[in-house]
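Input: a single structure, listed below in structure tokens.
FYI, it's all coordinate maths here, none of it is from the lab. Because the structure is predicted, anything quoted here is derived from the model rather than measured. Because the Cβ atoms are built from the backbone with ideal geometry, glycine has one as well, and the counts that use them run over all protein chains shown.
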Amino acid sequence: MLALKNYKRNFWKYLLVDSVFLSFVFFLMVYAKGKVETFFILFEGYQVQLEAIEPELLNQTVTGLLQFEQIADQLNALVTNTYIFIVFLVPLLIFLVFCLSQSYNFSLGMNKKYNWKRLVRFLLLGIPFVVILFFLFSLFFDNFAYFLYSWNYLLITLLLGLLIVVVFYVWFYLFVNKIRLRSFKEMFFALKKVGLSYLGMILFGLLSLSILGVLYVRLITDSFYQFMWIPMILFLLLFLAIMGYFRVVFVKKLLS
């Protein structure tokens, strides 16, 4: 009952915050795709310039060598900037906005006033877990690509998926509960009462991400059919709403 009352009272806040987070991820990925496309266009332009000065390079003229050095410096800067943006900046932005949105929603579920300290707490708790998750996700996708070819890959993929779910659970648990010496023992005993609500939260979170992925692929491949995006967005909002309810139940059961 407490979970339902909290959810009804804050329904639009939960839905809005989760929707803003996924919208941010969606448009950031669209922007990142445009950034990569720009990189290849500029790269082709540099190739044309290198071909133009090829005769001078073969003759080892001073002008040719200076032009080559200038183009090489520009190309190196382009590669470095694109690499930093895709590999570091994009994941960092997603991590920061994820921490902002989820620390807010978890605080609402805990009936706690939200402030910058809660954001910092969620963020600092998340740093070691994000490093672990980055490693696990890398292994997960490496094995996922081959799981149809061997049972070994399938088992490894399932095990990695389970470990990812556990890592998120520990992260959320430590945010909701104060860290104590007995926390690690208590958090696994707590699974008996929060297991179903946590799995519900994860399941509908994955369904939401799946729809977001389909929308992204449809957009970048220009393969939307008339108004097909409307029911997909409605399903996305429905799954986010259900996920939000399971999250409130999860928090309330942890605190009970």
- [ ] In nm, give the distance between the simple-model label positions of K185 and F26, each being 7 Å from the Cα along the Cα-to-Cβ direction.
- [x] 4.7 nm
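Please report how many Lys pairs in the chain have alpha carbons closer than 13 angstrom, counting only residues at least 8 apart along the chain or sitting on separate chains. The partial results should precede the final answer.
Values: K5/K252; K112/K252; K192/K253; K193/K252; K193/K253.
Qualifying lysine pairs in the chain: 5.
At R0 = 30 Å, how high is the FRET efficiency between V167 and A72 if r is their beta carbon distance? Nearest 0.05 is fine. Before the final figure, lay out the partial values.
Working: r = 42 Å, r/R0 = 1.41.
Efficiency, rounded to the nearest 0.05: 0.10.
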Open item on the list: So if each residue of separation counts as 0.36 nm, and I subtract the Cα-Cα distance between F43 and L123, what length gain in nm does that give?
Closed with: 25.1 nm
TODO: Work from the charge dipole of the chain (Cβ charges, +1 for Lys and Arg, -1 for Asp and Glu, about the Cα centre) and give the residue of P231, L162, V194 farthest towards its positive end.
DONE: V194
Task: Helical mean residue ellipticity (222 nm; -39500 (n - 2.57) per DSSP H run of 4+; nearest 500) of the chain - done: -29500 deg cm²/dmol
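Output the DSSP H helices from the chain with an along-axis C-alpha extent of no less than 20 Å and a mean Kyte-Doolittle hydropathy no less than 0.0. Each step should come with its number before you reach the end.
Values: long enough: 11-52 (62 Å, 0.95); 62-83 (31 Å, 0.28); 90-109 (28 Å, 1.51); 116-144 (38 Å, 1.62); 151-176 (38 Å, 2.25); 191-220 (43 Å, 1.66); 229-255 (39 Å, 1.96).
Qualifying helices: 11-52, 62-83, 90-109, 116-144, 151-176, 191-220, 229-255.
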Task: Cα convex hull volume per residue for the chain (Å³) - done: 194 Å³
